[in-house]
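Inspection log for the structure reproduced underneath, given as structure tokens.
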Amino acid sequence: MQKIDRWLTQLQSEVANPFSSQLYLRIINLTAFALIAWMIPIANEVWGMDHFVIIDHGFTGYRRLAVLLREPFFREHYQWFLYPFLGLTGLAVLGFSNFISRLFTWVLFVNLHWADYEVSNGGWHVLHHLLLLSIFLFRVEDHPKTRVQSTKIVLHNLGFWFSWIQISILYLTAGSHKFLGSYWLYGDALFVTLNIQEFSLPWILEFLDTNTWYLRFANWVSLFYQISFPVLIWFRPIRPYLLSIGLVFHLSIAFLVGVIDFGLILVAAYAMFIPNNRAKKLLYWIDFSRFLRPMAGTRSIKGTGD
Amino acid sequence: MLPKSLFYASSQFLAPWFYQNLTAFAPEPPFNRHVFVYRVKDKSGWSKWDYPAYPYLQKQWQNRFDPAIKTHDQLELVGDNLYWTAHSYPGEKIYLTEKGRKLPAVVSCKKVMRKVQGQLLEIDSFQVAVYIERLRVNEEGVLSRTDSALFFPKYVWDAED
């Protein structure tokens, strides 16, 4: 009982990993910004009227507000969603965001995502939910003096830890689904995937006609990684080794398998696991305002308070 | 994992704001490919079969950061849509008739043709098909590929479709 009491006190009075959460917030916004900007050359196909996918309009009421870009009128004006999104995420990368701006960012992202939902992949799904949870990553200081500050700390901590749980659920589901089929179990999944034009490269397609020991090994390592991640990620000493496997896994998906957006989103999501002290140093290096402060003759402000 | 009724009830509540398709994360490899191909007829006769997604795939092979892959994915989906239209109600009954050219899957094919070929003023008819590739691995770990095609009938080109 005492433990629960202590935990609840901590939940509302101490900000969990404040530097990690602020660095992660910037990186996840940078990823969202970069991926949406990446598709600007084909914006008319992705969000506008030149789409090739068959788009239906299956939602009514408040749900319709999430899928406005599936309606011809809004598709003709997709810039209303695109540029505010780029502006808000760009500002968040620089460290300027609050609850309202992050909420608005998420609403815009949901619309941009559903506009092209048919060709979306798991990366976009997880970004959808990480941006939702990031709404609650308030900048607050420990030992709150008011109930509002205390509530903000609770929401921050829940938002941050649920982001970890979100990634864990993702891997657990992905891993357990693989047990329903046979290709992953027999070690053939990677071999088959790399034999499909769109998930491979010409030089790989040329020599790959028989499964090999290293492809089977990589297949089972990725299966083991996904199944064990939800448990092992909570053990600090194991975490760097576990995440290193994950980085290799997701960078391979990005550059070998060619699902670049999926790979990069998952790599970016790993920013939430950067230890607090390291995140503090990184934040210091990317904080452009530190160059301005000495010039203005003002004192550097320490901490993460608003 | 959830009972069916609970799954549908929760999905209805969650979609689209909080919807999460967890099966999208690295499922079984897609061992059946449905590739959209087409040909058109003008004064000089029928053209060769064109595989419109291929140039976009080549671009991404050259540069993994090329957004052409997203166009490619849309074009791949056109092939899937054609395949499933011909194998499910009501498309399976319609696609063999002249009304087939008004099916959404065929209309999206015409959009692709317009993008690839420009205005298409000289065209009088067209035909779409799905090239089907099936990949299987035997017990020795050797890959086999079988291919076939699903042909849609030749339709009259109507610019207003």
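The values are calculated or read from the model by the stated rules, or taken from the named source; none is laboratory data. None of these values were measured; they are calculated from a predicted model. So basically every Cβ, Gly included, is an ideal-geometry build from the backbone, and we count neighbours across all protein chains shown. Surface areas here come from the heavy atoms of the whole protein model, side chains and all, with no ligands, DNA or RNA. Shrake-Rupley method; radii C 1.70, N 1.55, O 1.52, S 1.80 Å.
Listed conditions (1) surrounded by 14 or more Cβ atoms within 10 Å (Cβ to Cβ); (2) over 29 Å from A:Met272 (Cβ atoms); (3) more than 8 Å from every other protein chain (Cβ to nearest Cβ) are all met by A:Leu201, apart from (3).
Within the bounds of segment B:139-158, is there any residue that is crowded, with 20+ Cβ neighbours inside 10 Å and closer than 30 Å to A:Leu215 by Cβ? No, segment B:139-158 has no match at all.
Selection over segment A:117-134 of residues that are open to solvent by less than 10 Å² (accessible area, probe 1.4 Å) and more than 17 Å from A:Ile253 (Cα to Cα) gives a count of 4.
I'd like to check something: does segment A:135-157 contain any residue that is within 22 Å of A:His250 (Cβ to Cβ) and buried (at least 16 other Cβ atoms within 10 Å of the Cβ)? Checked segment A:135-157: no residue is within 22 Å of A:His250 (Cβ to Cβ) and buried (at least 16 other Cβ atoms within 10 Å of the Cβ). Which members of segment B:102-115 meet the condition of being touching a residue at least 24 places away in the same chain (Cβ under 8 Å) and crowded, with 17+ Cβ neighbours inside 10 Å? If the condition is that a residue be touching a residue at least 24 places away in the same chain (Cβ under 8 Å) and crowded, with 17+ Cβ neighbours inside 10 Å, then B:Ala105, B:Val106, B:Ser108, B:Cys109, B:Lys110, B:Val112, B:Met113 are the ones that fit. Within segment A:67-123, the set of residues being free of Cβ contacts under 8 Å to residues at least 24 places away in the same chain, of a type in the set (Gly, Ala, Ser) and part of a helix (DSSP H, G or I) comprises A:Gly87, A:Ser101.
Exactly one condition in (1) under 24 Å from A:Ile260 (Cα atoms); (2) of a type in the set (Ser, Thr, Tyr); (3) open to solvent by 20 Å² or more (accessible area, probe 1.4 Å) is not met by A:Thr89; state its number. So the condition that A:Thr89 fails would be (3). Kindly list, by first and then second residue, each pair from a residue in segment A:11-39 that is under 13 Å from A:Trp124 (Cα atoms) to a residue that is aromatic (Phe, Trp, Tyr), limited to pairs with Cβ atoms under 9 Å and residues at least 6 apart or on different chains. As it stands, the answer is A:Ala32/A:Phe85; A:Ala32/A:Phe109; A:Phe33/A:Phe85; A:Leu35/A:Trp124; A:Ile36/A:Phe85; A:Ile36/A:Phe109, since those pairs meet every condition given. There is at least one residue in segment A:204-212 that is open to solvent by 40 Å² or more (accessible area, probe 1.4 Å), at the interface with chain B (Cβ under 9 Å from one of its Cβ atoms), of a type in the set (S, T, N, Q) and touching a Gly at 6+ places or on another chain (Cβ under 6 Å).
Matching residues to (1) within 14 Å of chain B (Cβ to nearest Cβ); (2) surrounded by fewer than 15 Cβ atoms within 10 Å (Cβ to Cβ); (3) out of contact with any strand residue (DSSP E or B) (no Cβ under 8 Å at 6 or more places or on another chain):
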{"site": "A:Met1", "(1), (2), (3)": "no, yes, yes"}
{"site": "A:Trp7", "(1), (2), (3)": "no, yes, yes"}
{"site": "A:Gln10", "(1), (2), (3)": "no, yes, yes"}
{"site": "A:Phe19", "(1), (2), (3)": "no, no, yes"}
{"site": "A:Leu30", "(1), (2), (3)": "no, no, yes"}
{"site": "A:Ile42", "(1), (2), (3)": "yes, no, yes"}
{"site": "A:Met49", "(1), (2), (3)": "yes, yes, yes"}
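Filtering segment A:173-193 to residues that are facing chain B (nearest Cβ under 9 Å) and aliphatic (A, V, I, L, M) leaves A:Ala174, A:Leu180, A:Ala189, A:Leu190, A:Val192.
Every residue, every condition in (1) on the phi > 0 side of the Ramachandran plot; (2) in a helix (DSSP H, G or I); (3) open to solvent by less than 20 Å² (accessible area, probe 1.4 Å); (4) facing chain B (nearest Cβ under 10 Å), yes or no:
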residue	(1), (2), (3), (4)
A:Ile227	no, yes, no, no
A:Arg236	no, no, no, no
A:Leu242	no, yes, yes, no
A:Ile245	no, yes, no, no
A:Ile253	no, yes, no, yes
A:Ile265	no, yes, yes, no
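Checking each residue in segment A:149-172 for being of a type in the set (Gly, Ala, Ser) and farther than 24 Å from A:Ile265 by Cβ picks out only A:Ser150. Within segment B:29-77, the only residue that satisfies the criterion of being among the polar types (S, T, N, Q) and either touching a residue at least 60 places away in the same chain (Cβ under 8 Å) or in a strand (DSSP E or B) (or both) is B:Asn32. Residue count for segment A:213-225, restricted to those that are under 22 Å from B:Glu139 (Cβ atoms) and more than 11 Å from every other protein chain (Cβ to nearest Cβ): 4. Among the residues of segment B:45-97, those that are of a type in the set (Ser, Thr, Tyr) and surrounded by 13 or more Cβ atoms within 10 Å (Cβ to Cβ) comprise B:Ser47, B:Tyr51, B:Tyr54, B:Tyr56, B:Thr71, B:Tyr83, B:Thr85, B:Tyr95. Scanning segment B:116-137 for residues that are open to solvent by 70 Å² or more (accessible area, probe 1.4 Å) and of a type in the set (S, T, N, Q) returns B:Gln117, B:Gln119.
If the condition is being surrounded by fewer than 17 Cβ atoms within 10 Å (Cβ to Cβ) and either more than 22 Å from the chain's Cα centre (by Cα) or on the phi > 0 side of the Ramachandran plot (or both), then segment A:158-195 contributes A:Phe179, A:Leu180, A:Gly181, A:Ser182, A:Leu185, A:Tyr186.
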